[in-house]
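The values are calculated or read from the model by the stated rules, or taken from the named source; none is laboratory data. None of these values were measured; they are calculated from a predicted model. Don't worry about glycine lacking a Cβ; one is built from the backbone with ideal geometry, like all the others, and counts go over all protein chains shown.
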Amino acid sequence: MKGKFIVLEGPDRCGKSTQAKLLYNRLVECGHEVILTREPGGTPTAERIRQIVLEPGLDIRPMAELMLYEASRAQHTQEKILPALEAGKTVICERYTMSTCAYQGYGRGIDLKVIDALNKVASLNLQPDLTLVFLMSDKYFTERGEYLFSDRLEQEDIAFRQKMRQGYLEMVKTTPNAYLVDADKHIDEIQNQVRQLLLERHIID
Ligand SMILES: Nc1ncnc2c1ncn2[C@@H]1O[C@H](COP(=O)(O)OP(=O)(O)OP(=O)(O)O)[C@@H](O)[C@H]1O
Ligand SMILES: [Mg+2]
């Protein structure tokens, strides 16, 4: 693939969108052609699926939820991510396959082998060139989300968040090109670490 695929991962409110925007601006300044996108969503069809999965109070069973995420991913990957990468663009994506393992696998208990298989199919086996895994202490979860509208997934309890956190910690060790980022730090400090990782991997000069 000509372009680089950068994925930002981590639980709700850990600062993915904040860092993705800063990184986007930086890469544009460096002269890259960049696309900033997210999952679930990223295309009109996938955004419609996003509205369903995040609707507060809606009864969605774990297996149906998994399929919805994968449907969104299949559409997003084929319609937007792959064409951009083939055109040589850098793609920054908030959440991708690792989120599905964390939420539906470690969180809800669906067999990780099933999720891996579906992830491969939906992503057409596309692997990120860099996955940044943002993890923050749970005490910041309320602090950073106090005035936010809470979606269906953000209403999960602390035990669920602990299971996901454990999942992210395990996955970052076993996933190629994945790095842990301490999301407790100041926004600027985190962005510096992100830039450093991109430098080391020759994604920016
Ligand atoms: N390092 C930081 N220190 C303090 N506050 C932060 C930091 N990073 C982000 N925030 C704030 O925390 C809130 C959540 O950040 P952000 O929306 O970037 O997280 P997110 O991971 O994209 O969340 P979500 O998973 O819900 O999309 C925002 O109000 C943001 O301004
Ligand atoms: Mg976000």
- request: Find all pairs meeting these conditions: Cβ atoms under 8 angstrom apart; at least six residues apart or on different chains; first residue within the stretch 9-36 and more than 20 Å from residue 167 (Cβ to Cβ) and within 13 Å of ligand 2 (Cβ to nearest atom); second residue modelled with pLDDT of 95 or more and among the small types (Gly, Ala, Ser).
  value: 36/20
task: Give the stretch 119-146 a look and list any residue that's modelled with pLDDT under 90 and among the acidic types (Asp, Glu), or say none.
output: 138, 143, 146
- prompt: Do any residues in the stretch 194-205 that are over 20 Å from residue 1 (Cβ atoms) have Cβ atoms under 7 Å from those of residues that are polar (S, T, N, Q) and surrounded by 14 or more Cβ atoms within 10 Å (Cβ to Cβ), where the two are at least six apart or on different chains, and which pairs are they?
  reply: 194/19
- prompt: Across the stretch 57-70, what is the total count of residues that are outside any loop (DSSP other than H, G, I, E, B) and over 17 Å from residue 122 (Cα atoms)?
  reply: 1
- request: From (1) part of a helix (DSSP H, G or I); (2) hydrophobic (A, V, I, L, M, F, W, C); (3) crowded, with 16+ Cβ neighbours inside 10 Å, pick out the condition that doesn't hold for residue 36.
  value: (1)
task: Please find, among 143, 86, 65, 79, the residue that is without any contact (Cβ under 8 Å) to a residue 60 or more places away in the chain, in contact with a Lys or Arg (Cβ under 8 Å, 6 or more places away or on another chain) and surrounded by fewer than 22 Cβ atoms within 10 Å (Cβ to Cβ).
output: 65
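Residues are listed down the side, and each one gets a yes or a no for (1) within 22 Å of residue 163 (Cβ to Cβ); (2) in contact with a Lys or Arg (Cβ under 9 Å, 6 or more places away or on another chain); (3) part of a helix (DSSP H, G or I); (4) in contact (Cβ under 8 Å) with a residue 40 or more places away in the chain:
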| position | (1), (2), (3), (4) |
| --- | --- |
| 55 | no, yes, no, yes |
| 72 | no, yes, yes, no |
| 103 | yes, no, yes, yes |
| 106 | yes, yes, yes, yes |
| 115 | yes, no, yes, yes |
| 120 | no, no, yes, no |
message: Please go through the stretch 39-49 and give me each residue that is surrounded by fewer than 20 Cβ atoms within 10 Å (Cβ to Cβ) and within 16 Å of ligand 2 (Cβ to nearest atom), ordered by number.
response: 47
message: Given the criteria acidic (Asp, Glu), within 16 Å of ligand 2 (Cβ to nearest atom) and closer than 25 Å to residue 171 by Cβ, does residue 111 qualify?
response: no
